[in-house]
Amino acid sequence: MDSQQNKSNSNDQTQTEDQFLDDPDYGAAKNWEIKTVTDPCVGNLETPVNSGYVTKAFINNLPFYRTGISNNFRGLETGAAFGYLLYGPFTMTGPLRNSDFALTVGLLGAIGAVHILTALLLLYNSPGKSPNVQPQDCTVDNPPKDLFTREGWNDFTSGFWLGGCGGAVFAWLICGTLHLDTIMPMIKSLGNAG
């Protein structure tokens, strides 16, 4: 008799859990669900700042959102900017900034940072699901649908690596071949004046 009662209790419990799982308000997982940007409760309201002409033109011209270019070129352009801009801080504030090897150490530091960022981009694409597709909102008119696939993100990542290393090497070449021997001590003295 007890076994029948336990079976009926377990069946009732299973039916109750199924009812809760079908309920849209079940548990913390449903409460933490990501909602689209078009939901007014998210807080992405159309303001003069995020939907103005200048802001929309600037954001939609970034390589991530620009139409008509391949994912590899998106990554190449983004990586080149990152590599070019990472070279300066590693050169000017690195541990060997006052030695003859400052330019080379800055190059190696920038390339190392690009490798770390590339590994993070690879990790973003490695879990079971594809990358999240960004919905259209008041700032971005037409987000690229082909970028948010596994193949598109892999193309973006490989372009990012190549562009990042190339941008760092380009900055190294500019700093190494121009006559910066007279300018660099003045720039460094500005940082030490405070």
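The values are calculated or read from the model by the stated rules, or taken from the named source; none is laboratory data. Values in this document were obtained by computation on a predicted structure and should not be read as measured data. In this analysis, Cβ positions are derived from the backbone assuming ideal geometry, glycine residues included, and neighbour counts consider all displayed protein chains.
Structure summary
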quantity	calculated
Total residues in the range 66-90, condition buried (at least 21 other Cβ atoms within 10 Å of the Cβ) and at pLDDT below 90	0
Candidates Thr177, Thr118, Thr182 - the one that is touching a residue at least 40 places away in the same chain (Cβ under 8 Å) and either buried (at least 16 other Cβ atoms within 10 Å of the Cβ) or over 18 Å from the mean Cα position of the chain (by Cα) (or both)	Thr118
In the range 136-157, the residues that are surrounded by fewer than 18 Cβ atoms within 10 Å (Cβ to Cβ) and not β-branched (Val, Ile, Thr)	Gln136, Asp137, Cys138, Asp141, Asn142, Pro143, Lys145, Asp146, Phe148, Arg150, Glu151, Asn154
Total residues in the range 51-73, condition without any contact (Cβ under 8 Å) to a residue 40 or more places away in the chain and under 20 Å from the mean Cα position of the chain (by Cα)	6
